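Colleague: Have a look at the structure that comes next, please.
The values are calculated or read from the model by the stated rules, or taken from the named source; none is laboratory data. Please read these numbers as outputs of a predicted model, since none were measured by experiment. Because the Cβ atoms are built from the backbone with ideal geometry, glycine has one as well, and the counts that use them run over all protein chains shown.
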Amino acid sequence: MAATTSTLLYLTLSLLLFLQFHIVFTFPFDVDADADDNEVYVLDNPVPNFRSRSRMLTQGSNVIKKGTHCDPEHKNICDGVSANKGTSLLYCCKTHCRNILSDMNNCGRCGVKCKFGERCCNGRCTSVVYNDNHCGKCNRKCPFGVKCEFGSCGYA
């Protein structure tokens, strides 16, 4: 009888630990909006007469592909350039163009990394786990009276 009870207790605890593990790692976060390698930035003000040997630049001087190579020592294509109707601000971080308004490794400025459970929302590392205005991802607002829990509106 004691062996059956301890086995049942062991199985119950194992199941609970598995479910806890599953819940922790299944947040409905938008894993990384900047992870798409095909993402492009449409410049708000095209750069006149910009010539580059980079294959990352497309369609003349109006569009920059995410991760375009740049030179932080010299004036370059992503030197505080506004793109995508003001929703992106490009800077040269470690020789690549990065959007400091949403890049989790360069949030607000080059080298600023957001912590676990945070996203880069408009250039600020913001908790998205229990924030009713940024629930699970930037700018996802929960309905009035509904709380954000574990990155989901009305989780319970």
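Colleague: Out of the residues in the range 125-156 meeting the condition of being in contact with a strand residue (DSSP E or B) (Cβ under 9 Å, 6 or more places away or on another chain) and not in a loop (DSSP other than H, G, I, E, B), tell me which one is surrounded by the most Cβ atoms within 10 Å (Cβ to Cβ).
Modeller: So in the range 125-156, the residues in contact with a strand residue (DSSP E or B) (Cβ under 9 Å, 6 or more places away or on another chain) come out as 125-143, 146-147, 154-156.
Next, only the ones that are not in a loop (DSSP other than H, G, I, E, B) stay: 125-127.
Details: CYS125: 17, THR126: 19, SER127: 16.
If we take residues in the range 125-156 being in contact with a strand residue (DSSP E or B) (Cβ under 9 Å, 6 or more places away or on another chain) and not in a loop (DSSP other than H, G, I, E, B), then THR126 is surrounded by the most Cβ atoms within 10 Å (Cβ to Cβ).
Colleague: Which of the residues that make up the range 84-117 are in contact with a Phe, Trp or Tyr (Cβ under 8 Å, 6 or more places away or on another chain) and either part of a loop (DSSP other than H, G, I, E, B) or not basic (Lys, Arg) (or both)?
Modeller: Within the range 84-117, ASN84, SER88, LEU90, CYS97, ASN99, ILE100, ASN106, ARG109, CYS110 qualify.
Colleague: Quick one: how many residues across the range 115-145 are more than 14 Å from the chain's Cα centre (by Cα) and on the phi > 0 side of the Ramachandran plot?
Modeller: Narrowing the range 115-145 to residues more than 14 Å from the chain's Cα centre (by Cα): 130-133, 141-145.
This time we only want the ones that are on the phi > 0 side of the Ramachandran plot, so: 145.
Of the residues in that region, 1 qualify.
Per-residue answers, yes or no, for (1) modelled with pLDDT under 90; (2) surrounded by fewer than 17 Cβ atoms within 10 Å (Cβ to Cβ); (3) part of a loop (DSSP other than H, G, I, E, B); (4) not β-branched (Val, Ile, Thr):
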{"site": "LEU15", "(1), (2), (3), (4)": "yes, yes, no, yes"}
{"site": "LEU19", "(1), (2), (3), (4)": "yes, yes, no, yes"}
{"site": "ASP30", "(1), (2), (3), (4)": "yes, yes, yes, yes"}
{"site": "SER52", "(1), (2), (3), (4)": "yes, yes, yes, yes"}
{"site": "ILE64", "(1), (2), (3), (4)": "yes, no, no, no"}
{"site": "GLY67", "(1), (2), (3), (4)": "yes, yes, yes, yes"}
{"site": "ILE77", "(1), (2), (3), (4)": "yes, no, yes, no"}
{"site": "ARG119", "(1), (2), (3), (4)": "no, no, no, yes"}
